[in-house]
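What follows draws every value from the coordinates through simple rules; no lab data is involved. Computed from a predicted model, the values in this text were never measured in an experiment. Heads up, the Cβs are rebuilt from the backbone with ideal geometry, glycines too, and the neighbour counts pull from every protein chain shown.
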Amino acid sequence: MSKVVIIMGSKADLDWANQIVKVLDSFDVASVCRIASAHKVPLKCYDLIKEYEKENVVFITIAGMSNALSGFADAQTCCPVIACPPYSDKFGGADVFSSIRMPSGVAPMTILSPENAALAAAKIFGLSNPAIQKKVVDFQEKKRKELEEADRQLVSKG
């Protein structure tokens, strides 16, 4: 069974995680949310990664400010890790750099949109699950139709 394990740095990230879960549900991809800060409880974080990586999982990490969580998680597992840090105005958006600047051998994907993080996870599972892949194709087609309809409405007003 395919599953996304969402690891949050703190409970403050729960709203962001719920946005991801909502989209994963639309793809019929199971998910579980956990809290484990790489800074404050690194051993718990490590244990969670090792517990879940035995399954067919994609990890999505949510941590703002100094995002050690995504790099830490990626360095501990061979499973895909998607960093989805919540955007903050506090530092002019510069805190995202802690998600995209990684040392060699550490390669979490960084996707800023919760919807797109869920889509990326679904695409990964779709490589081996035709039912999920079909839902991804349908999702993309729906987005195309929405765009075409918006264009038609714009042209008809002109």
*Order of 127-139, 58-70 by packing, highest average Cβ count within 10 Å first?*
58-70, 127-139
*For the residue pair Gln153 and Glu53, what label-to-label distance in nm results when each label sits 7 Å from Cα along the Cα-to-beta-carbon direction?*
4.6 nm
_Please list, ordered by chain and number, the residues whose modelled amide H lies under 5 Å from the amide H of Thr61; skip anything fewer than 5 residues away on the same chain._
Ile7, Ile82, Ala83, Cys84
*Cα-Cα over 32 Å: which of Lys50/Lys143; Lys40/Lys143; Lys22/Lys145; Lys44/Lys134; Lys3/Lys145?*
Lys50/Lys143; Lys40/Lys143; Lys44/Lys134
*Descending Cα extents along the principal axes, the stretch 24-102, whole Å*: 38, 32, 20
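Quote to one decimal, in nm, the extra length available between Arg144 and Ser66 on full extension: 0.36 nm per residue of separation minus the C-alpha distance between them.
24.5 nm
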*May I ask you to list the GluC sites (Glu not before Pro) in the stretch 108-158 that are in a DSSP loop and have at most 10 other Cβ atoms within 10 Å of their Cβ?*
none
*Cα-based convex hull volume of the stretch 5-47 per residue, rounded to whole Å³*: 55 Å³
*Where does the stretch 104-158 land on Rg(C-alpha)/(2.2 N^0.38 Å)?*
1.58
*Okay, helix-only estimate at 222 nm for the chain: each DSSP H run of n ≥ 4 adds -39500 (n - 2.57), divide by all residues, round to 500 deg cm²/dmol; what do you get?*
-15500 deg cm²/dmol
*Under 12 Å from a label point 7 Å along Cα→Cβ of Ser88: give me every residue in the stretch 40-77 with its amide N that close.*
63-68
*Of the labelled options [x] 1.14; [y] 1.04; [z] 0.99, which one gives Rg/Rh (Cα atoms, Kirkwood Rh) as computed for this structure?*
[y]
